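Read through the structure below, which is laid out as structure tokens, and then see the notes.
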Amino acid sequence: MTFDKEYFNIGYLDRLSYGDTVIHRLDPRSKVIATMIFVITVISYGKYQVIPLIPFLLFPVLLMTLSDTPVMLIVKKMLVVSPFAVFIGVFNPVFDNRAVALSDTVYISAGWLSFLSILIKFALTISAALLLIATTSFPGVCNALRRLGVPSLFTSQLLFLYRYIFVLMEEAMRIVRAKDLKSFGSRGTGVKVFAGLIGVLFIRTIERASRIYNAMLSRGFDGKMKTMKKSRLGVADAAFLAAVLLMVYLFRAYDIAGFLGGIIKY
Amino acid sequence: MSHHIVEFRDVCFSYPDNTPALDGISFRITHGESVGIVGANGAGKSTLLMHMNGYLLPSKGTVVIGDLELNKKTSRDVRKKIGLIFQNPDDQLFMPTVFDDVAFGPINLGLSEEKIRERVDEALRVVGCLPLKEKPPHHLSSGQKSAVAIASVIAMQPDILAMDEPASNLDPKSRRQLINLLKGFKHTKIIASHDLDLILEVCERCMVIKEGRIAADGFAEEILLNKVLLEENGLELPLSRQNIIYTRKGQDERVGKT
Ligand SMILES: Nc1ncnc2c1ncn2[C@@H]1O[C@H](COP(=O)(O)OP(=O)(O)O)[C@@H](O)[C@H]1O
Ligand SMILES: [Mg+2]
């Protein structure tokens with residue numbers, strides 16, 4: 001029983017990045033930049049805007065298709081984190097109940113609009129981030145960030161976090177299981193016991209950190225994480241970035257949804 | 001070649017909580033030797049190995065690796081000579097992908113990109129893990145983790161390989177692969193383990209440690225078949241040398257080799 005398998009199965013997402021499609025072959029940096037542009041644009045929309053966000057679904061859908069990423073996988077992962085978005089927005093309809101006109105005859109409360117807007121923004125940004133990792137791998141994203149100028153102290157932290165999150169979670173589960181075996185029924189579930197468990201986890205983590213440091217020293221580590229340069233930006237990257245920029249610009253500057261709606265109406 | 005030696009001269013060490021872990025250890029290992037270090041749990045095997053790359057420094061006595069006496073100043077150079085592989089491969093593989101991990105050492109040695117790639121491929125080929133190159137360590141089985149941990153050290157091309165419990169956590173098949181791999185190495189090898197069968201197969205020489213002291217040092221074949229000596233030191237004959245007779249009731253009765 002491993003944490004990775006039992007819970008989020010983040011590892012599986014990473015495994016998808018072994019794929020070899022147009023999207024996988026792009027330089028990680030161009031994918032990181034494209035994702036950031038996309039996310040920032042989506043977030044820049046106002047609190048009550050819903051319709052203009054809809055066209056942006058094209059981005060994750062296209063990425064998913066081009067990279068052969070299973071739709072259900074992304075949807076499942078979004079559901080895992082969706083409670084956060086729901087919590088943020090769920091009280092909006094209660095507190096913000098001004099009426100807003102959708103058309104001449106249809107009214108809706110402003111709270112519902114803003115709740116919907118939050119959900120769509122959430123779906124768009126999370127799916128973009130998940131697709132970035134599924135097509136690039138987490139380490140690839142970190143290396144890209146670093147080559148884009150993010151301080152290496154920060155990116156190395158992220159890499160270590162990623163490398164050891166599974167190990168630490170498994171350790172935590174082992175400790176909890178050992179506790180469960182030794183305490184019967186309700187005994188041993190108080191705050192005091194919990195604090196003790198955290199203490200054990202803390203000490204084990206320190207010990208592990210020192211062993212890892214030892215292993216790093218053994219391989220010539222001198223306090224600086226060095227890397228080798230990999231991958232170059234090519235024509236495909238330029239084309240990809242241009243396409244993303246164009247798409248985002250069109251959606252932002254023109255009322256695509258209204259335009260399409262107009263076509264359908266007549 | 002005199003520069004592949006490992007020499008301990010009367011080394012003593014206590015942990016900060018005053019646990020005396022090494023108590024006057026002296027030995028000399030020369031070029032090309034394969035030496036097993038055996039002993040019960042807590043005998044001091046791991047502590048001994050951690051003295052070989054200067055992670056721990058002796059409170060008394062000296063450690064000499066090659067022609068360098070180990071101290072804070074020389075530890076960086078000593079670490080290029082000796083490849084130390086620790087017990088838990090999860091601690092050993094700290095980089096996000098197998099490639100990055102094996103490349104970590106060569107990068108720190110300051111090699112060119114081309115050379116680094118060469119070394120990584122070669123090291124992974126030696127341990128049979130080349131196809132795993134792009135994988136993150138948490139997708140590997142424990143046998144694969146151990147093999148990659150070994151690759152990450154041999155990619156630095158050390159003169160001496162030292163390993164702590166290399167076969168713990170391995171299933172029989174991976175263990176067999178590891179033994180064959182180790183037999184193939186021409187390096188000076190130092191292996192701490194309580195898997196006496198492994199030591200018996202891989203090592204010519206064997207040292208028995210008890211409570212931080214060397215209790216015996218000699219040919220592996222002699223020491224590991226000496227039932228009395230082993231039992232005195234909290235060990236048992238290697239399984240392959242125990243005659244186990246299964247009776248019909250399913251109980252087993254052990255008859256020691258005479
Ligand atoms: N970090 C530590 N702090 C205090 N005592 C330790 C530490 N690590 C090991 N010891 C003690 O040192 C002795 C030798 O331990 P170790 O070298 O790990 O033995 P082995 O590897 O042979 O099982 C044991 O008595 C152990 O309890
Ligand atoms: Mg040990």
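The values are calculated or read from the model by the stated rules, or taken from the named source; none is laboratory data. The structure displayed is predicted, hence computed values, not measured ones. Cβ: placed from backbone, ideal geometry, glycine included. Neighbour counts: every protein chain shown. Areas reflect the complete protein model, heavy atoms only, side chains present, ligands, DNA and RNA absent. Shrake-Rupley method; radii C 1.70, N 1.55, O 1.52, S 1.80 Å.
A few remarks follow.
- Matching residues in the range A:10-41 - criterion: being in a loop (DSSP other than H, G, I, E, B) and within 14 Å of chain B (Cβ to nearest Cβ): A:Gly19, A:Asp20
- Tally of residues being assigned to a strand (DSSP E or B) and open to solvent by less than 20 Å² (accessible area, probe 1.4 Å) across the range B:194-211: 4
- Lone qualifier among B:Asp197, B:Asp171 - being under 24 Å from B:Gly128 (Cβ atoms), at pLDDT 90 or above and either more than 14 Å from the chain's Cα centre (by Cα) or away from ligand 1 (no atom under 16 Å from the Cβ) (or both): B:Asp197
- Residues of the range A:142-153 classified as within 14 Å of chain B (Cβ to nearest Cβ) and open to solvent by 20 Å² or more (accessible area, probe 1.4 Å), total: 4
- Positions within the range B:212-231 being under 28 Å from B:Phe13 (Cβ atoms), touching a Gly at 6+ places or on another chain (Cβ under 7 Å) and open to solvent by 20 Å² or more (accessible area, probe 1.4 Å), in sequence order: B:Arg213
- Looking only at the range B:180-212, and only at residues there that are among the polar types (S, T, N, Q) and away from ligand 2 (no atom under 16 Å from the Cβ), the one that is nearest to B:Leu22 (Cα to Cα): B:Thr188
- The set of residues from the range B:174-194 being more than 14 Å from chain A (Cβ to nearest Cβ), within 16 Å of ligand 1 (Cβ to nearest atom) and among the hydrophobic types (A, V, I, L, M, F, W, C) comprises B:Ile191, B:Ala192.
- Residues within the range B:61-97 that are over 22 Å from B:His187 (Cβ atoms) and hydrophobic (A, V, I, L, M, F, W, C), tallied: 2
- Of all residues in the range A:97-141, those satisfying the criterion of being assigned to a loop (DSSP other than H, G, I, E, B) and surrounded by fewer than 17 Cβ atoms within 10 Å (Cβ to Cβ) are A:Asn97, A:Arg98, A:Leu102, A:Ser103, A:Asp104, A:Thr105, A:Val106.
Rundown of residues vs (1) within 19 Å of the chain's Cα centre (by Cα); (2) buried (at least 20 other Cβ atoms within 10 Å of the Cβ); (3) at pLDDT below 90; (4) more than 16 Å from ligand 1 (Cβ to nearest atom), yes/no style:
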| residue | (1), (2), (3), (4) |
| --- | --- |
| B:Thr97 | no, yes, yes, yes |
| B:Val102 | yes, yes, no, yes |
| B:Ser112 | no, no, yes, yes |
| B:Arg117 | no, no, no, yes |
| B:Pro136 | no, yes, yes, yes |
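- Any hit, the range B:151-161, residues being part of a helix (DSSP H, G or I) and either over 14 Å from B:Gly83 (Cα atoms) or more than 9 Å from chain A (Cβ to nearest Cβ) (or both): yes
- Contact map, the range A:202-213: residues that are more than 9 Å from chain B (Cβ to nearest Cβ) and closer than 14 Å to A:Phe160 by Cβ paired with residues that are of a type in the set (Asp, Glu) and surrounded by 15 or more Cβ atoms within 10 Å (Cβ to Cβ), Cβ distance under 8 Å, separation 6+ or inter-chain. Pairs shown: A:Thr205/A:Glu171.
- Unique residue being more than 18 Å from the chain's Cα centre (by Cα), open to solvent by 70 Å² or more (accessible area, probe 1.4 Å), under 26 Å from B:Leu93 (Cα atoms) and more than 16 Å from ligand 1 (Cβ to nearest atom) when the list is A:Arg174, A:Arg211, A:Arg219, A:Arg204: A:Arg174
- Within the range B:119-128, restricting attention to residues that are buried (at least 21 other Cβ atoms within 10 Å of the Cβ) and without any contact (Cβ under 8 Å) to a residue 40 or more places away in the chain, the residue that is farthest from the other protein chains (Cβ to nearest Cβ) is B:Leu124.
- Condition met for A:Asp104 (more than 29 Å from the chain's Cα centre (by Cα) and not β-branched (Val, Ile, Thr)): yes
- Flag for B:Thr30 being free of Cβ contacts under 8 Å to residues at least 12 places away in the same chain and among the hydroxyl-bearing types (Ser, Thr, Tyr): no
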